[in-house]
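First the structure, in the form of structure tokens, and then the observations on it.
The values are calculated or read from the model by the stated rules, or taken from the named source; none is laboratory data. Remember, predicted model here, so these are calculated numbers, not experimental data. Glycine gets a Cβ as well: all are built from the backbone with ideal geometry, and neighbour counts include every protein chain shown.
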Amino acid sequence: MSMELIAMLGGGLSGFVMKMLAAQAQSQTRLLEMQLAKQKAADESAQLASQRGGVWVRRLFVLFVLFAVILAPFILSLLNTPVTIEKEASKGLLGLLGLGGGGWSSLEGFVILPEVRQSMLAIVGFYFGSSQVK
């Protein structure tokens, strides 16, 4: 093999390697630019979401739940206000058709639903959990 052929093959091989490295670097640059644009869009979206007043909605929800769990039982016990609830219908074929018993019953005091208790547990867990992370 002549020196000219070896030089030509070496030059072609080194040109190929350099072109491949440049293409890879360009691809990584484009990927980084796309990631930066995606992060910028996410930051702008988060900024817009924080300006919509979602904090006050969450605080208002917390106040309502705290009122239902803490204050309402005391207020309604002083007013002797009865609470009307629906009786459970009988189980079976008539109960499935809505024909089996049921009705209404009055209770004295305030009924705390399981959903209200679960909301209270979630709120307490959230606030105590977030106070641990600083």
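Residues checked against (1) outside the structural domain of F126 (by TED's automatic domain parsing); (2) over 19 Å from I112 (Cα atoms); (3) out of contact with any Phe, Trp or Tyr (no Cβ under 7 Å at 6 or more places or on another chain):
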position	(1), (2), (3)
L5	yes, yes, yes
Q26	yes, yes, yes
L36	yes, yes, yes
K40	yes, yes, yes
S45	yes, yes, yes
L63	no, no, yes
L66	no, no, yes
I70	no, no, yes
V83	no, no, no
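Between a first residue in the range 47-75 that is surrounded by 10 or more Cβ atoms within 10 Å (Cβ to Cβ) and a second residue that is in a helix (DSSP H, G or I) and charged (D, E, K, R), which pairs have beta carbons less than 9 Å apart while being 6 or more apart in sequence or on different chains?
Pairs found: V69/R117.
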